[in-house]
Amino acid sequence: MNNHIYVGNLRGGVSEEALIELFLPFGRVMKVIFPLGRDTGARRGFAFVTMGSSAEAAAALDAIGHPELDGRAVTLQRAETDSPGRMSKPAAIPVKMAACLRSATGRLPIDR
């Protein structure tokens, strides 16, 4: 298990300090990363929080549940790691995949 947490559905104005404050009661917050859009340079609406250990990350995920930041419910999930030191968003949910497939092909494989 890793110690990285994906925090999704963030408003653009959420600060690093707000995320640190949210996770600090559960252990050491080593790093907060706000990925930026390649073309715009603006925040993309999610962040990665690196806790001191996988046990601290698990404790935070278990205890926090579904928090609100800046008046918006945010999503918390354990982040996946592509390679050492590189984090990625959790796998896409099937609903999004179905919508993409339908728009690309005009139908789903189960449509008749």
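A few points about this structure:
- Complete set of residues in the range 56-70 that are among the small types (Gly, Ala, Ser) and free of Cβ contacts under 8 Å to residues at least 24 places away in the same chain: 65
- Test: residue in the range 45-52 that is closer than 12 Å to residue 4 by Cβ, touching a helix residue (DSSP H, G or I) at 6+ places or on another chain (Cβ under 9 Å), assigned to a helix (DSSP H, G or I) and at pLDDT 90 or above: no
- Scanning the range 11-19 turns up at least one residue that is closer than 16 Å to residue 78 by Cβ, assigned to a helix (DSSP H, G or I) and hydrophobic (A, V, I, L, M, F, W, C).
- Qualifying residues in the range 22-39 (those that are in contact with a strand residue (DSSP E or B) (Cβ under 9 Å, 6 or more places away or on another chain) and part of a helix (DSSP H, G or I)) - the one surrounded by the most Cβ atoms within 10 Å (Cβ to Cβ): 23
- The residue pairs whose first member lies in the range 25-51 and is farther than 18 Å from residue 63 by Cα and in contact (Cβ under 8 Å) with a residue 12 or more places away in the chain, whose second member is among the small types (Gly, Ala, Ser) and part of a loop (DSSP other than H, G, I, E, B), and whose beta carbons are closer than 6 Å, counting only pairs six or more residues apart or on different chains, are 30/52; 43/12.
The values are calculated or read from the model by the stated rules, or taken from the named source; none is laboratory data. Quick caveat: nothing in here was measured; it's all calculated off a predicted structure. Because the Cβ atoms are built from the backbone with ideal geometry, glycine has one as well, and the counts that use them run over all protein chains shown.
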